[in-house]
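Worksheet: one structure, shown below.
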Amino acid sequence: MSEQIYITIAKTLSGEATDAEKKELQAWLAADEANAAEYEELTGVWRQTDEVLQQPAFNTSAAWERVAARTVDIPAQQEHLKKEPRQTKTIAFPSWAKLSLAAAAAVLIGLFVFKQVSGPDMIVAMAENGNKEVVLPDNSHITLREGSKLRYPEVFAANERHVELEGQAFFDVTRNEKQPFVIDAQSATVQVLGTSFDVKADEQMASVVVATGKVKMSMSKDASQALILTPGEKGSLKNGELKEELVSAGNYFFWRTGTIKFDGTPLLVALKQLSDLYNVEIRSNIPDVTGLDANGTYQSSDSVEKILSEICAYSGLRLMQEGDSFTINLK
């Protein structure tokens, strides 16, 4: 049998096998009782590697020596494996067909490297029906906006807390200077020590609005381009360009707080916020907006059309709509 079956076994034991690979394994097991015996032996070897992988620092040599003692027939006088890449020896595996070093390497990739790369168990939180509250292993609190997804490990690494976000979420991160908190937000990367902020991202754009603390925002494809944001600042990534601006941060959390509030907010500022919040185009054809402002408290369930209509009625303006675009004109 090809060494591929051993890779399939490793993937099955690590929970990474596809349905097709699982069927392939079942067929192999059913074909011969000897195959089932080999599978049991490999399962025992796999369990033994857990003891090595759970050490504070993974020791590849220790893993090799531990399993080699079970799977490789090494001459008594050979105390350590020698790295001789150009030498082609044959290694004897108990109850296995003899394999070349290349085949043995494939088995080891399946048994050790693959398992190491898979790392700790990953948890996926999805906000399917409304917003969702998530508490991470470090006691950081996350509010996922409906339709968003967060992936994080069951146990964080010692030197970093790494999570992945698709969509939008509000983060209230527990401070730990020795363990930075890093968010892979598809098109952008966000790094903090401990703070609260909102992240909205997809593969093309991203935005970060800071409530407390300090946040570093950079491009996923070019970490050298970065912004350092403080409370009341918004960082945006669009068309491959990072921009920073001052904002009224409170309204950017409307999906979480449930309210949008304008209190003497300059008209153009209010229109810009509504454009960002609802992802629509809002234009102003008013030559002079001096003295024009927006007032009122609205619910997150209110449509942008309703909010704009009330702002225009309050200021004596006229609203025109064409598809998802809105234009503010003088009456």
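Derivation of every value follows stated rules applied to the coordinates shown; laboratory data play no part. Note that the structure is predicted; figures quoted are calculated from it, not measured. For neighbour counting, all protein chains shown are included, and Cβ atoms are generated from backbone atoms with ideal geometry for every residue, glycine included.
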(request) Rounded to whole Hz and in sequence order, give me ³J(HN,Hα) for the range 188-199 from the Karplus expression 6.51 cos²θ - 1.76 cosθ + 1.60, θ = phi - 60°, writing x for Gly and Pro. (result) 9, 10, 10, 10, 9, 9, x, 5, 10, 6, 10, 10
(request) Calculate the length of the line joining the C-alpha centroid of the range 276-324 to that of the range 126-151, in whole Å. (result) 31 Å
(request) Using the Karplus curve 6.51 cos²θ - 1.76 cosθ + 1.60 with θ = phi - 60°, work out ³J(HN,Hα) for each residue of the range 288-296 in order, rounded to whole Hz, and write x for Gly and Pro. (result) 10, 9, 4, x, 8, 9, 10, 9, x
(request) Could you size up the charge dipole of the range 258-330 around its Cα centre, putting +1 on the beta carbon of Lys and Arg and -1 on that of Asp and Glu, and report it in debye to the nearest 20? (result) 80 debye
(message) Pairs of alpha-carbon atoms within less than 8 angstrom and 6+ residues apart define the contacts here; what relative contact order does the range 258-330 have, in percent?
(response) 38 percent
(request) Pick out, in residue order, every one of the trypsin sites (Lys or Arg not before Pro) in the range 138-178 that is DSSP loop and has at most 15 other C-beta atoms within 10 Å; say none if there are none. (result) R175, K178
(message) Can you compute the modelled spin-label distance between E281 and A30, with each label point 7 Å from Cα toward Cβ, in nm?
(response) 5.9 nm
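Add +1 for every Lys or Arg and -1 for every Asp or Glu among the other residues with Cβ under 12 Å from the Cβ of V247, and state the total.
-2
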(message) Given R₀ = 51 Å, what would the calculated FRET efficiency be for D121 paired with T259, taking r from the Cβ atoms and rounding to 0.05?
(response) 0.85
(request) Using a cut-off of 12 Å between beta-carbons, work out the net charge of the residues near A211 (Lys and Arg +1, Asp and Glu -1, A211 not included). (result) 0
(request) Could you work out how far the C-alpha centroid of the range 29-44 sits from that of the range 236-265, in angstrom? (result) 59 Å
(request) Could you tally the net charge around I282, taking each other residue with its Cβ under 13 Å from the Cβ of I282, Lys/Arg +1 and Asp/Glu -1? (result) -3
(request) Enumerate the calculated ³J(HN,Hα) couplings along the range 277-285 in order (Karplus 6.51 cos²θ - 1.76 cosθ + 1.60, θ = phi - 60°), each rounded to whole Hz, writing x wherever the residue is Gly or Pro. (result) 5, 9, 6, 10, 8, 10, 10, 10, 9
(message) Ranking request for peptides 122-132, 194-204: highest mean number of other beta-carbon atoms within 10 Å first, then the rest in descending order.
(response) 194-204, 122-132
